[in-house]
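The values are calculated or read from the model by the stated rules, or taken from the named source; none is laboratory data. If you're wondering where the values come from, they're calculated on a predicted model, not measured in any experiment. Cβ: placed from backbone, ideal geometry, glycine included. Neighbour counts: every protein chain shown.
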Amino acid sequence: MRKRTFILGIVCLVLILGLGAPLRAGQHRGIVIQRDVTVAAGETQDNILTFGGTAVVDGRVVRSVVAFGGSITISGEVGKDVVGFGSRVVIKSTAVVKGDVVAIAGTLEKEPGCTIQGDTVVMAGSDIGERIFGRSFFRGIFSLSLIPFLLVLKLIAFFLWLTVALLGAVLFPKPIERAGRELRRSFGMALLIGILAHIVFTGMIVFAALLSLILIGIPVFLALVAAALILHFFGRLVVFYFFGESLLHAFGSQRVTAMGAVLAGLGVVTLIGFVPLFGLLFVLVINMVGWGIAIRTKFGTTENMFDRKPVAPAPPAPPAPTA
């Protein structure tokens, strides 16, 4: 039962972060994403997301409160879920949470008198590994002692991708937007092309590695690595744009820029990547999708490079003038 509830909580978190539906008319729109957030008594906020800081809710949050590290303290009302990854979650006696309370690799403190209308799920890091891998060697990957190390790696990767995202959105906004629109129309085809591209690339890498034994393959190997990096970077920026545009439209943004969409998508992809096991599978899929859409659109220079439109026949030559 707890395992089912945990899985539902993860799915719910992903839906909240990336695929949430627009709020009803008349509600204040917006999401606070920062280190420390305080909603004072009498104030209202739509969503709260913190990284390593504190989230204090004395007023009302319309949707959800999500924290990575740090702490969450609720004494007011939360309309949906309270989710903490490696966080200290405190539910005061006056708190009203209309959804679930989930503490993963963290702690939960509930004072008597608090109201939680959904499920309450508390899982230590070691519990996650044991539920996924049983008592095998791999359960240690999700032990509580490794959580800080994994978070540091994730944060390093985030800032590296942040640099790439900023440069890419400044230098290539139009190609990213064009490829992002095509990805929305042909997501499945992009995934298929990406899978085939990875298979072909793996074979070429093996062949180049064998040729490297006689020195001929070294330039080929280096060229393949460079091509793979270019495909990976551009494809990931398009995926960021795809998810970021969806998120910004869901929260009511009418005009979405390449920079805004790419940065929002970076946040969504990073957050989903934190989810154990599912995050790994998600990253593998978006890598293939990114390769596929980069190839399909020739790095955003065309909608579909495989769509060869027939060339119109040349008009007949005019009749020669008679003498």
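Residue under question is Ala223, and the condition is that it be more than 25 Å from Val262 (Cα to Cα), among the small types (Gly, Ala, Ser) and exposed (fewer than 14 other Cβ atoms within 10 Å of the Cβ); does it hold? Yes; evaluated as a whole, the condition is true for this residue.
Pick from the stretch 250-278 the residues that are buried (at least 18 other Cβ atoms within 10 Å of the Cβ) and among the small types (Gly, Ala, Ser): which of them is farthest from the chain's Cα centre (by Cα)? The qualifying residue farthest from the chain's Cα centre (by Cα) is Ala258.
Looking at Gly290, is it at pLDDT 90 or above, surrounded by 11 or more Cβ atoms within 10 Å (Cβ to Cβ) and among the small types (Gly, Ala, Ser)? Taking the combined requirement at face value, the residue satisfies it. Taken over the stretch 249-287, the criterion of being at pLDDT below 85 and not in a loop (DSSP other than H, G, I, E, B) is satisfied by His249, Ala250, Leu271, Ile272, Gly273, Phe278, Gly279, Leu280.
A residue that is in contact with a Lys or Arg (Cβ under 8 Å, 6 or more places away or on another chain) and among the β-branched types (Val, Ile, Thr) cannot be found anywhere in the stretch 79-89.
Can you find a residue that is basic (Lys, Arg), touching a residue at least 12 places away in the same chain (Cβ under 8 Å) and closer than 20 Å to Phe159 by Cβ anywhere in the stretch 289-312? So far as the stretch 289-312 goes, no, none of its residues is basic (Lys, Arg), touching a residue at least 12 places away in the same chain (Cβ under 8 Å) and closer than 20 Å to Phe159 by Cβ.
Checking each residue in the stretch 54-105 for being over 16 Å from Gly118 (Cα atoms), buried (at least 24 other Cβ atoms within 10 Å of the Cβ) and among the small types (Gly, Ala, Ser) picks out Ala55, Ala67, Ser87, Ala105.
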